[in-house]
1. Return the distance in nm (one decimal) between the two label points of a simple spin-label model at residue 44 and residue 164, each offset 7 Å from Cα along Cα→Cβ.
2. In what order, largest first, do 61, 127 sit by accessible area if the probe radius is 1.4 Å?
3. Relative contact order for the chain using alpha-carbon pairs under 8 Å, separation at least 6, rounded to a whole percent?
4. Show 220, 55, 67 ordered by accessible area, largest first, where the area counts protein heavy atoms only and the probe is 1.4 Å.
5. With a 1.4 Å probe and all protein chains kept in place, how do 177, 229 rank by accessible area, largest first?
6. Where the centroid of each part is defined by its Cα atoms, how far is segment 62-87 from segment 204-263 in Å?
7. Stretched out fully, how many nm does the piece from residue 278 to residue 238 gain, at 0.36 nm a residue minus the Cα gap?
8. Could you tell me the accessible area of residue 46 in Å² (1.4 Å probe, neighbours in place), rounded to the nearest ten?
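The values are calculated or read from the model by the stated rules, or taken from the named source; none is laboratory data. Remember, predicted model here, so these are calculated numbers, not experimental data. Cβ placement follows ideal geometry from the backbone for every residue including glycine, while neighbour counts extend to all protein chains displayed. With ligands, DNA and RNA removed, areas are computed over all heavy atoms of the protein, side chains included. Shrake-Rupley method; radii C 1.70, N 1.55, O 1.52, S 1.80 Å.
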Amino acid sequence: MSRQTYFNMAAIAGALLVLGAGCVGGQKQAPPDGGVFKTTDGGETWRQSSAVPTLGGVRSFATANVLTLAPDPHHTATVYAGTAGDGLLVTNTNGAEWRRVGGQELASVRAVVVDPVEPCTWYASAFSRVFKTRDCGRVWKPTYDTAKPDQEVRAITVAPNNHNRVYLTINDQEAGVLVVSTDGGATGSVAFRFPVTVRSVTVDPKRPARLYAVTDNRGLWVSEDAGSVWRELKQELQSFAGARRGWELALDPIDSQILWYASSYGLLRSADSGATWAAIPLLTAPGEARIYALAVNPQQTAELYYSAVVGGKSLLYKTTDGGATWKTKKLPSARIPTAIRIQSDKPAEVLVGTYLQQR
């Protein structure tokens, strides 16, 4: 989505809307089906989870388009929701209620990450800028600007073994750049230029020098030296038509050598850090589903969720046996499920962010 589109959405959305259905011309309108939805029973039942208590009453971001749901490494019930036009929201109760942080500079937030050492230090990206707070969201200051104003900071990653080392994934229309900061985002230098745009960069928590990059049209890449040299896993994935168009990557929370890779082919699994791959049978044919989000249960890693759009319908899929069998879970929203977040100490509690695709 373009920078101008984000600003247009922010102007239209304005302030957060009052929770609940409304009436127009005497006819009751259906309640909004955006924002965040929550299940407490592993996906069997869902309810909207977008309430924002304020001094003026309970409001909501139930009309919002959610771009990301980010965890807090210090508090399992804390989640950050970055939206397109409705700002940055934080919950400390895994979605029971939210509060908005930041001002107009954070009207649209693509990426959020919390420092693994300093709980009140957060980073957030808004278009071509990265903002940083050191006081849990009260005051935000710009810490990094891209070289070109039309570039977007797509992802932010903090090294698990060095909290001053920050990776920024920056895209323009045709290519991606990895910028590395060694001083907590104050300055940064280009570590690598990708020939295509990059969706995400993931650090292996057990081997922090190993990084994975998911790209739009050149599949999955790996670096073994913390981002200076990269290798495309072209040969490893050549047997899977569509695997060069990547969507999501998830590492097993217990054994980080196990990778789950979602692409236009479908879902693939590697047990050896990407050296070999096996296709996971889905309820859809290869290439049929557009997978938007992927999450692994941190306690029972054979349990996974992924969201997809199939035949114009937005669906959530769940497996409890490592992908041998799947069940379809229906969400009370017609929007695209763009983000999935499993609470690490209560894995039956899952949040899903939604997005209304512009037609």
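1. 5.1 nm
2. Highest to lowest solvent-accessible surface, that is 127, 61.
3. 12 percent
4. 55, 67, 220
5. 229, 177
6. Result: 25 Å between the Cα centres.
7. 13.2 nm
8. 40 Å²
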